[in-house]
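This report refers to the structure that appears directly beneath it.
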Amino acid sequence: MTLASLAVQLLNGLADASAMFMVAAGLSLIFGVTRIVNFAHGSFYMLGLYLAYSLVDRLGATPWGYWAALLLAALPVAALGALVELTILRRIYRAPELFQLLATFALVLVIKDAALWYWGPEDLFGPRAPGLAGAVQVLGRRLPQYDLLLMAIGPLVFALLWLLLNRTRWGALIRAATQDREMLGALGVNQAWLFTGVFALGCFLAGLGGALQGPRLPANLALDLDTIGTAFVVVVVGGMGSIGGAFAAAVLIAEVKALCIALGTVSCFGIELSLSRLTLVAEFLVMAVILVVRPWGLLGKPLALVRAASHHEAPLRAASQRERWAAMVLLAALLALPLLAGRFPYLPVLMVEILVAVLFAASLHFLMGPGGMVSFGHAAYFGLGAYAAALVTLRLQWPMPLAMLAGAGTAMLAALLFGWFCVRLSGVYLAMLTLAFAQIVWAAIYQWDDLTGGSNGLVGLRTAAALASPLAYYYLALLCSALGVYLLRRVIHAPFGLALRAARDASGRAQALGMDVRALQWGGFALAGLFCGLAGVLFAFSKGSISPEVAGVNRSVDGLVMVLLGGVQSLAGPLLGASVFTWLQDLVARETDYWRALLGGVILLLVLLLPGGLAGAWRRAGRPGEGA
């Protein structure tokens, strides 16, 4: 590495930092005012890039037309954001935050399929920016001219936002809403239109950030989830709601990644270490370190308490006689289900997928419901369980029972390690740290070719001879899932589970009563990891092969959707949510290419019509007077 190459990489990092900041600033604004974790923000970024491609194609014959097209691309995105806020989000501001997250995730599915329908599945490459298609010489190295423009745009947008927030009345209202939105409402400020305006501004910034990437990136359908992960990291590292923090975090993360690329492979105590490979997880490593050292981010502050009324959860009660009979009937029906296998050969395969999903969702529900700890990275334990079982089977020739124990045990040990750090945080920061650990696990699996097979994964995994038939494996999956759900339910009603709920609802009082809140939460992490790892093992043996996607962020999101769909505060919620989600995904995916939009539409309807989830609606239907 020479000084010139290092300097050019750092300058490239500044250009990337500008792009990150544009997206993260909008996300930070929206969260700061509305307290909504907008999972669809990456979709608005993606739309900005697609719209810029189309508008440049129509207007970009001249330089003026080209630059006007980039700016105009952000306006429809802002309008769409305002429409989403008016028609969907405004109806669920008082719903639990996790339901708001579910609604924005449904928007991700709908927007992705809308883009697929209009622009198609192929990557779309836009033309180079007129007048900025070349490169300049920096210390004898070539630096793209367009990157120089991006380096200037980022600080310019930061300065404009600072003026807006600090020199205008609207900005003062935004800052006041960030600090105490209930007090702002009590003073007579129309919060509804303030929220709409902020949401539209945040979406405009996301759309503009996407449009400006046109000369650097092709428009493609993967940009939504790829972008939202990085944007979340920048916002959390900088401090939720802090624009200055977002700018500092974007520069820090981009420069760390640039430094990794510049250094390449280094030798440390005789061990060759490829730092360039760390770029896949550099932002998550930075976030993990920052959150452990400074839990509120670089320039953030502890989140103000929201005084919106939150319904107290009813105390746990033992299952009624009718519910026990219903559970026994359900179990009997599941045991008899293979009788239909002759008529529906695919049924055992689908049921195994549902049972694996049920165990996966039940373990996540244990963490989110009784534990009160939201995890964005639960797939890490699923993937570790699957890979550990596969490795000891393929490399060490361990029998299947020992492989299952090894997989579940490995996941539990990882949960103990990650949980030790996570329980020191709370809320969104805790959730983002779980995501950071999950991404580190995914990157290790993806890049450790010699051990995990890298992107190709591991193949040739076979079950024991006695379980080779689909029906036999179905009964094994049923046994493991039913036992896992039963044990988790028993733990929730045991003194440990009750103490965990107490720590969730009133940690200060729990500590005053002598409870070690962190130890309780740490134990919750370990138990959830154990059963999640078992679900991963069942998945690996059912498929016969695994790939890094088993630990990817998409699987974590699926788990969140299952739990939220069923109802996070209901013990039956994850079972119902996992079953419906997996069945819908399988059914709709076989009927149309646009299954995500249909699934997203169903989720949106459920969020708007059934804010307590499927289990909550079922409970209210059985007790009409309860919800009054």
Exercise. What is the calculated FRET efficiency for ALA333 to SER276, with r their C-beta to C-beta distance and R₀ = 51 Å, to the nearest 0.05?
Worked result: 0.40
Seminar exercise, completed: Other residues with Cβ under 12 Å from the Cβ of VAL553 give, with Lys and Arg +1 and Asp and Glu -1, a net charge of -3
Exercise. For the range 345-551, with every protein chain kept in place, what is the accessible area per residue (1.4 Å probe, Å²)?
Worked result: 39
For this session: Straight distance only, please: which aspartates and glutamates reach the Cα of LYS543 with their own Cα at less than 20 Å, same-chain residues fewer than 8 apart left out?
Result: GLU353, ASP558, ASP586
Exercise. Which value in nm describes the separation of the simple spin-label points at ARG167 and GLU122, placed 7 Å from the Cα toward the beta carbon?
Worked result: 4.7
Seminar exercise, completed: For the chain, the accessible surface attributable to carbon and sulfur atoms (probe 1.4 angstrom, ligands and nucleic acids excluded) amounts in percent to 67
Problem set entry | Highest average packing first - 331-342, 531-542, 239-250, Cβ atoms within 10 Å | 531-542, 239-250, 331-342
Exercise. Quick one: helix 573-591 against the long Cα principal axis of the chain, what's the angle to the nearest 10°, folded into 0 to 90?
Worked result: 70
Seminar exercise, completed: FRET efficiency for LEU394 and ALA494 from the Cβ-Cβ distance with R0 = 56 Å, rounded to 0.05, comes out at 0.90
Exercise. How large is ³J(HN,Hα), in whole Hz, for each residue of the range 31-39 in order, when computed from phi with the Karplus curve 6.51 cos²θ - 1.76 cosθ + 1.60 and θ = phi - 60°, using x for Gly and Pro?
Worked result: 5, x, 8, 8, 6, 9, 7, 7, 5
Problem set entry | Cα→Cβ-extended label distance, 7 Å offset, between ASP450 and ARG90, nm | 6.0
Problem set entry | Theoretical FRET efficiency, 1/(1+(r/R0)^6), r = Cβ-Cβ of LEU609 and LEU59, R0 56 Å, to 0.05 | 0.85
Exercise. Separation between the ASP516 and VAL293 pseudo-spin-labels, each 7 Å from Cα along Cα→Cβ, expressed in nm?
Worked result: 2.8
Problem set entry | Helix 613-622 axis, angle to the chain major axis (alpha carbon atoms, nearest 10°) | 50
Exercise. Could you state the per residue volume, in Å³, of the convex hull enclosing the Cα atoms of the range 345-551?
Worked result: 109
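The values are calculated or read from the model by the stated rules, or taken from the named source; none is laboratory data. Quick caveat: nothing in here was measured; it's all calculated off a predicted structure. All Cβ positions, glycine included, derive from the backbone under ideal geometry; neighbour counts span all protein chains shown. Ligands, DNA and RNA are stripped out before the accessible areas are found, and what is left, the full protein with its side chains, is counted by its heavy atoms. Shrake-Rupley method; radii C 1.70, N 1.55, O 1.52, S 1.80 Å.
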